[in-house]
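Student: What follows is a single structure, and I will ask about it in a moment.
Please treat every number below as a calculation from the coordinates, not as lab data. A quick note: this is a predicted structure, and the numbers were derived from the prediction, not measured. Glycine also receives a Cβ, built like all others from the backbone with ideal geometry; neighbour counts cover every protein chain displayed.
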Amino acid sequence: MKKVYCICGLGSDERIFSKLDWGDKNVQYLHWLMPLRGEALTDYARRMSEKITEKDAILVGVSFGGILSIEIARLMDIQKVILISSVKTHHEMPRWMRASGKLSLDAIIPKGRLHSVRPLKLFSPLENYFLGAVTEEEKKLAHEYRKNIDPGYLKWAIHQVLNWKNEWVPPNLFHLHGANDKIFPCALVHPTHTIASAGHFLVFQHPEEVSDILNDII
């Protein structure tokens with residue numbers, strides 16, 4: 001039985017994969033660790049990779065989880081890397097992200113939890129728009145992620161995304177992407193599989209299409 005390790009997106013958990021049909025796959029979820037003070041992404045990926053117990057595993061990473069999947073593939077033999085709503089190199093990021101990294105704009109992120117910072121509550125509809133969270137179920141899930149995310153992890157993770165300089169693409173990489181992704185625009189990422197009308201919440205919104213593609217790849 002093939003073993004698949006899934007890494008969810010920034011601040012999310014395995015509920016993002018909850019609607020997928022994996023067939024007879026042995027699926028495990030790699031939960032985020034709290035980053036150590038000043039920890040580099042490579043060192044963080046090494047700690048995460050300690051949970052992978054066999055050679056030639058298959059990694060499925062959503063958004064920031066896709067970035068981490070590539071970093072893990074640098075460190076060990078991975079049979080396949082499957083990105084969903086993510087990027088392969090820093091060249092695929094929109095210009096505003098690359099500019100934000102150069103300007104260190106992540107430094108302005110508040111130290112408290114997002115749901116406790118009153119002005120930021122006004123931005124929830126805008127955040128949902130960029131995520132592509134449309135239904136009440138999707139908005140509720142996005143709200144819970146914002147509510148529960150640890151502020152220290154959030155600042156660290158955003159810094160890693162904005163300052164990621166990767167140019168290496170692992171062999172046997174597959175990339176599923178929504179045509180209407182507003183965080184990582186589809187025109188920039190050159191995916192192997194494009195799902196029409198889908199946004200960044202692709203894996204949760206279009207589980208049947210994603211399941212069919214994943215089972216075909218795996």
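Student: As a footprinting exposure proxy, order MET76, MET93 by other Cβ within 10 Å, with the fewest listed first.
Tutor: MET76, MET93
Student: Cut-off is 10 Å between beta-carbons; in what order do PHE174, PHE204, PHE130 appear when sorted fewest neighbours first?
Tutor: Result, fewest neighbours first: PHE130, PHE174, PHE204.
Student: Name the residue from ALA133, ILE218, THR53 whose Cα lies farthest towards the positive end of the charge dipole of the chain, charges +1 on Cβ of Lys and Arg and -1 on Cβ of Asp and Glu.
Tutor: Of the candidates, ALA133 comes out farthest on the positive side.
Student: Could you list VAL210, VAL4 in order of exposure, starting from the residue whose Cβ has the fewest other Cβ atoms within 10 Å?
Tutor: VAL4, VAL210
Student: Continuing with this model, one more query. Separation of region 177-218 and region 43-95 by C-alpha centroid, Å?
Tutor: Measuring centre to centre over Cα atoms gives 17 Å.
Student: Let me ask something else about it. Just want to confirm a number: the relative contact order over region 3-217, from Cα pairs under 8 angstrom separated by 6+ residues, in percent.
Tutor: 25 percent
Student: Let me ask something additional. So how far apart, in nm, are the two label points at GLN28 and VAL169 if each is 7 Å from Cα heading toward Cβ?
Tutor: Label at GLN28, label at VAL169, 2.9 nm between them.
Student: Which entry is the computed semi-axes √(5λ) of the Cα gyration tensor in Å for this structure: (1) 34, 20, 14; (2) 25, 21, 17; (3) 27, 20, 16?
Tutor: (2)
Student: Sticking with this one: Amide H neighbours of ILE82 under 5 Å, at least 5 residues apart or on other chains, H built in the peptide plane: list them.
Tutor: Distant-sequence amide H within range of ILE82: LEU59, VAL60, GLY61, PHE174.
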